[in-house]
Amino acid sequence: MTINNKEKSIDNEHKELIVIFKQDGIFELDFQVTKEKLNEEQIAIQQEINNHFAQNENQGMLFLGFLENTEVLTDSVTYLRLIIATFIKKISMNLDIELLREKTIVYIEKDEIKDLLDNAPYLTGLEYLNYEWIEKLWQKLNISFSEMIGEYEGSVSEFFSSFSTNINLVGRVFFHLVESKKDNYPFAFLATYSVNDAKSGTSKHLPLKNALIEYGENNKKLLNLLSTVNKASEKSELISELVDTGEIFHPLGLSAAEAFTFLKEIPLYEESGILCRIPKWWKNKSESLRMSVSVGNSTPSRVNLEALVDFDAKLFLGEETITADEIKKLLSEAEGLAFIKGKWVEVNHEKLKQMLKAFEKAQKLMESKDINMVEAMRFQLNAQKVLNVSKDTFDLEVTNGQWLNSVVDKLCNPEKIEEINCGDDFNANLRVYQERGISWLHFMKALGLGACLADDMGLGKTVQVIALLNYIRTNKQEKTLLIIPASLIGNWMSEIQKFAPSLRYYVIHPSENKKLGEDDSKYMENYDLFITTYAMISKFEWIKNITWDSVILDEAQAIKNPGSIQTKTVKQLKARYRIAMTGTPIENRLSDLWSLFDFLNKGLLGSAKEFSGFIKKLKESQMDYSKLKKVVSPFILRRLKTDKAVINDLPEKIEMKTYATLTKKQVMLYNKLVIDLKQKLESKEEGIERKGIVISSLMKFKQICNHPSQYLGQDSYLENESGKYARLREICETIYEKRERVIIFTQFKEITKPLSDFLETVFEHKGLILHGGTAIKKRKELVDKFQGEEYVPFMVLSIKAGGVGLNLTAANHVIHFDRWWNPAVENQATDRAFRIGQKKNVIVHKFITKGTIEEKIDMMIEDKIKLSREIVPDIQESFITEMTNNEIMDLFKLQI
């Protein structure tokens, strides 16, 4: 566990404390900037939590676990508190805790872990949360308690009271309630107390009356033993009467009404420190009276979004069905417990009326058969609304029927879907998980369901979508609209040309097409794929008028704000199939989740208002996100680099070219420099002066590609003036979402500080800078800080100073912001992260500006590598000076 206090000055009113979950039971606390303004109480409580953790992790965990005011906490902090509070409750119920003290160990059962996992909200690091994670944190909690209580001089009870006066250690008294065969008294009550059996080394139960004999009526030991009973008697008339009459010391027969009172008061007894042993049917919902609804048992006549599915509802008592007439008969009984079909059930008139009302509504739905597929899959969330139930007053079980369950099972387990190929003329061998990805996307298309491809960065979302489009092109003629950020146009063009050269595409953007106009729809028959940007779709009405076979969004977080014009415009598009691609996890932003699904499968999560009400209800009920996950998870395919099914299929180092486009200002400066270079070359003879002009120009072109301010020697470094800055933000936002780390290499010392300043706005944390001017002593400090527990998200290095001798394995991303054009030097720099001690897959992003000398030289290097079939050991920039003037001008000339 680590704490991150941001050095950057951010108003406390707009910082919220969150928990980032990591592997192996590890978590971090961090402050995250939020648009919502926090009140004084929220600020004070989260600061207090942070301070406790900063002083001592053990103390911080227990402080959080005992905390009672959870309404002001973020979901992730509330969830961590839930796990710790569960531990505290279990350890407080250990009978021998005062005797065992630091030797006390409490265990957690598998079903308890399942409940905790079901209650997990969407949060950063959700993918790491599993049985093993909970078990490892549980081990840590046992150790933490042992260390703290070992140092504490007072009693365990006093230790608990130092955190909260509302937690009572369990006493040695137990209340037992069992069924009896006597007609007048169908239940039996007995109070017992536990004593240590010296022979067996375990505890055994004796009737409470034995304590009178053992201790005597006025003995202090007896008074101490009965302290929990006295606390309970202060809250319960039933127990008070048993104490006053002395009947608490004897076995008793209870009427059904008395037993019902006892069962309802169990929480009061447990709060007082009394453990209760009661019949299983009171605790187990599967044995109680409930209504069960099954949706989608039979295969519909046509399978798509609007397909009508069947609906079946039944009433159960345990595993036996019960009729509506039998429920009505129960209504004539007095409230309490009633014996029916060999079982005791609770008779609550309000619950029974609600159940009958819901069952009658369900019968009408069964007859009308007007539930479509989206409504069926959404039924988990809105069953109460559909069945006209005003409150969640009775046990309602919602399940998918046989057919719908088989569909959902395939969506959640892509390996069960029949595989498709990648089509003709496809130039890549996909990995197994990628092949399953395109089969999953195609299966979703066949169902008419929108799909979210949310694979981790570096796992190849783009190539999977291209493979799907190439398969479609091979088999039928369809029209697909791809919407992307402008900065990704070069990437998509390059990937399509590389992997699916027969896929015909048309770019609706002025950077690639200067003749854009309202009549571009006339080209529809000539192309399979139309590529445009989020900014362009509002400019051409014909795009919105067409019903596309597929609409695909890359970097789909662009529509996370449902109120923005951009999002509304995207959602106006007509399509038979929709795909959203995003490497940014949806954790921690439920409003983003709604907006995404409003595009993919409209209505699945209801209206914005309905979803907001659902989330509010989730928070009020102390979080049970299992229903929401069950509804959305079939539509999201998310594989991670840490997945066991993926990790063995990946190279340890994933290298990718990241294409950026020049901004208008960069284009203007670049073209002007080309003209200047031509004039200088024409006026100079061969020799050292000519070589100097070429090398100098080469540096200037690189500077322009990086940022105009670098070339002009200015300090502004505005984000919108550099295409590389736009790509850097997109990549680093995803890295930050995952709380991963990155090292950025540049050959220019002067841009290291501007890059660091810019990255601070992305990561909301300070990073580090290392270049030739950094003192040798200081370098070790910087490396230690970057490699340490505190979250330092990035380090900017000049490639000469940082390319050798450093161990930066805390980073699993390497970005070459500008290219050295010497593969050996670049690989050496990359190996600062990719070296012995690195436990993660390393992703290497090599920035290339489209249409510039950067792209042309990269192509030359690639060709040479292909010819030699090995990594080129050394390519010096000086080879450019040996070219003719015409060759040099062809190399530097901007091609867009």
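The values are calculated or read from the model by the stated rules, or taken from the named source; none is laboratory data. Remember, predicted model here, so these are calculated numbers, not experimental data. Cβ atoms come from the backbone with ideal geometry, glycine included; neighbour counts cover every protein chain shown.
Would you check if VAL646 is more than 19 Å from TYR122 (Cβ to Cβ), within 21 Å of the chain's Cα centre (by Cα) and part of a helix (DSSP H, G or I)?
Considered against the rule, which asks whether it is more than 19 Å from TYR122 (Cβ to Cβ), within 21 Å of the chain's Cα centre (by Cα) and part of a helix (DSSP H, G or I), VAL646 comes out as yes.
Within segment 516-531, the set of residues being at pLDDT below 70 and either in a loop (DSSP other than H, G, I, E, B) or among the small types (Gly, Ala, Ser) (or both) comprises LEU516, GLY517, GLU518, ASP519, SER521.
Among the residues of segment 14-59, which ones are polar (S, T, N, Q) and either within 14 Å of VAL77 (Cβ to Cβ) or out of contact with any Asp or Glu (no Cβ under 7 Å at 6 or more places or on another chain) (or both)? Within segment 14-59, GLN23, GLN32, THR34, ASN39, GLN42, GLN46, GLN47, ASN50, ASN51, GLN55, ASN56, GLN59 qualify. Being closer than 24 Å to GLU730 by Cβ and under 15 Å from the mean Cα position of the chain (by Cα): is that true of LEU640 here? Spelling it out, LEU640 is indeed closer than 24 Å to GLU730 by Cβ and under 15 Å from the mean Cα position of the chain (by Cα).
For the residues GLN380, GLN384, the requirement of being surrounded by 14 or more Cβ atoms within 10 Å (Cβ to Cβ) and more than 24 Å from ILE636 (Cα to Cα) singles out GLN384. What do you reckon, is ALA580 hydrophobic (A, V, I, L, M, F, W, C), modelled with pLDDT of 90 or more and within 28 Å of ARG739 (Cα to Cα)? For ALA580, the condition - hydrophobic (A, V, I, L, M, F, W, C), modelled with pLDDT of 90 or more and within 28 Å of ARG739 (Cα to Cα) - is met.
When you check SER591 against the structure, is it assigned to a helix (DSSP H, G or I), farther than 23 Å from MET373 by Cβ and hydroxyl-bearing (Ser, Thr, Tyr), yes or no?
Answer is yes for this residue.
Considering only segment 64-77, state which residues are under 11 Å from ALA120 (Cα atoms) and touching a Lys or Arg at 6+ places or on another chain (Cβ under 8 Å). Within segment 64-77, ASP75 is the sole residue that qualifies. No other residue among SER144, SER233 is in contact (Cβ under 8 Å) with a residue 12 or more places away in the chain, assigned to a helix (DSSP H, G or I), polar (S, T, N, Q) and surrounded by 16 or more Cβ atoms within 10 Å (Cβ to Cβ) apart from SER144.
Among the residues of segment 144-182, the one identified as basic (Lys, Arg) and either touching a Ser or Thr at 6+ places or on another chain (Cβ under 7 Å) or closer than 20 Å to LEU225 by Cβ (or both) is ARG172. So for segment 773-786 (the condition being surrounded by 23 or more Cβ atoms within 10 Å (Cβ to Cβ), small (Gly, Ala, Ser) and touching a residue at least 24 places away in the same chain (Cβ under 8 Å)), does at least one residue qualify? The answer is no; no qualifying residue exists. On inspection, TYR79 does not qualify as modelled with pLDDT under 90, crowded, with 17+ Cβ neighbours inside 10 Å, under 30 Å from LEU593 (Cα atoms) and not β-branched (Val, Ile, Thr). Here is the figure for segment 16-55: residues that are assigned to a strand (DSSP E or B), surrounded by 15 or more Cβ atoms within 10 Å (Cβ to Cβ) and of a type outside the set (Phe, Trp, Tyr) total 9. Only one entry of ASP111, ASP115 meets the criterion of being free of Cβ contacts under 8 Å to residues at least 12 places away in the same chain, under 17 Å from GLY65 (Cβ atoms) and not in a loop (DSSP other than H, G, I, E, B), and that entry is ASP115.
Which of the residues that make up segment 705-758 are closer than 17 Å to PHE786 by Cβ, touching a Phe, Trp or Tyr at 6+ places or on another chain (Cβ under 6 Å) and surrounded by fewer than 24 Cβ atoms within 10 Å (Cβ to Cβ)? Within segment 705-758, just TYR736 meets the criteria. There is at least one residue in segment 203-216 that is touching a helix residue (DSSP H, G or I) at 6+ places or on another chain (Cβ under 6 Å), of a type in the set (D, E, K, R) and either in a helix (DSSP H, G or I) or at pLDDT 90 or above (or both). If you go through segment 358-378 and keep only what is farther than 14 Å from GLY296 by Cβ and among the polar types (S, T, N, Q), you end up with GLN363, SER368.
Looking only at segment 599-640, residues that are among the small types (Gly, Ala, Ser) and either outside the structural domain of ALA575 (by TED's automatic domain parsing) or assigned to a helix (DSSP H, G or I) (or both) come to 5 in all.
Whether any residue in segment 749-757 is aliphatic (A, V, I, L, M) and at pLDDT 90 or above is what I want to check. Yes, some residue in segment 749-757 is aliphatic (A, V, I, L, M) and at pLDDT 90 or above.
Somewhere in segment 710-726, is a residue in a helix (DSSP H, G or I), in contact with a strand residue (DSSP E or B) (Cβ under 9 Å, 6 or more places away or on another chain), of a type in the set (D, E, K, R) and in contact (Cβ under 8 Å) with a residue 40 or more places away in the chain?
Here is the first cut: in segment 710-726, the residues in a helix (DSSP H, G or I) are 710-712, 719-721, 723-726.
Then keep just the ones that are in contact with a strand residue (DSSP E or B) (Cβ under 9 Å, 6 or more places away or on another chain); that gives 723-726.
Next, only the ones that are of a type in the set (D, E, K, R) stay: 724.
With in contact (Cβ under 8 Å) with a residue 40 or more places away in the chain added as a condition, the list becomes 724.
Checking segment 710-726: at least one residue is in a helix (DSSP H, G or I), in contact with a strand residue (DSSP E or B) (Cβ under 9 Å, 6 or more places away or on another chain), of a type in the set (D, E, K, R) and in contact (Cβ under 8 Å) with a residue 40 or more places away in the chain.
For the structure I just gave you, tell me whether TYR128 is in contact with a strand residue (DSSP E or B) (Cβ under 7 Å, 6 or more places away or on another chain), touching a residue at least 60 places away in the same chain (Cβ under 8 Å) and either hydroxyl-bearing (Ser, Thr, Tyr) or crowded, with 20+ Cβ neighbours inside 10 Å (or both). For TYR128, the condition - in contact with a strand residue (DSSP E or B) (Cβ under 7 Å, 6 or more places away or on another chain), touching a residue at least 60 places away in the same chain (Cβ under 8 Å) and either hydroxyl-bearing (Ser, Thr, Tyr) or crowded, with 20+ Cβ neighbours inside 10 Å (or both) - is met. Taking strands (runs of 3 or more DSSP E) as the structural unit, those lying wholly within segment 732-843 and holding at least 2 residues that are within 30 Å of PHE21 (Cα to Cα) and in contact with a Gly (Cβ under 7 Å, 6 or more places away or on another chain) correspond to 794-798. Condition test on GLU789, is it at pLDDT below 90, under 27 Å from THR124 (Cα atoms) and among the charged types (D, E, K, R)? For GLU789, the condition - at pLDDT below 90, under 27 Å from THR124 (Cα atoms) and among the charged types (D, E, K, R) - is met. Candidates VAL432, VAL386, VAL374: the one that is touching a helix residue (DSSP H, G or I) at 6+ places or on another chain (Cβ under 7 Å) and either outside the structural domain of MET457 (by TED's automatic domain parsing) or among the β-branched types (Val, Ile, Thr) (or both) is VAL386. Among the residues examined, GLU750 qualifies as acidic (Asp, Glu) and closer than 27 Å to GLU854 by Cα. All conditions but one from (1) at pLDDT 95 or above; (2) surrounded by fewer than 19 Cβ atoms within 10 Å (Cβ to Cβ) apply to TYR471; the one that does not is (2).
Counting just the residues of segment 450-465 that are in contact (Cβ under 8 Å) with a residue 40 or more places away in the chain and in contact with an Asp or Glu (Cβ under 7 Å, 6 or more places away or on another chain), which one comes out farthest from THR658 (Cα to Cα)? Only one residue tops the list, namely LYS461.
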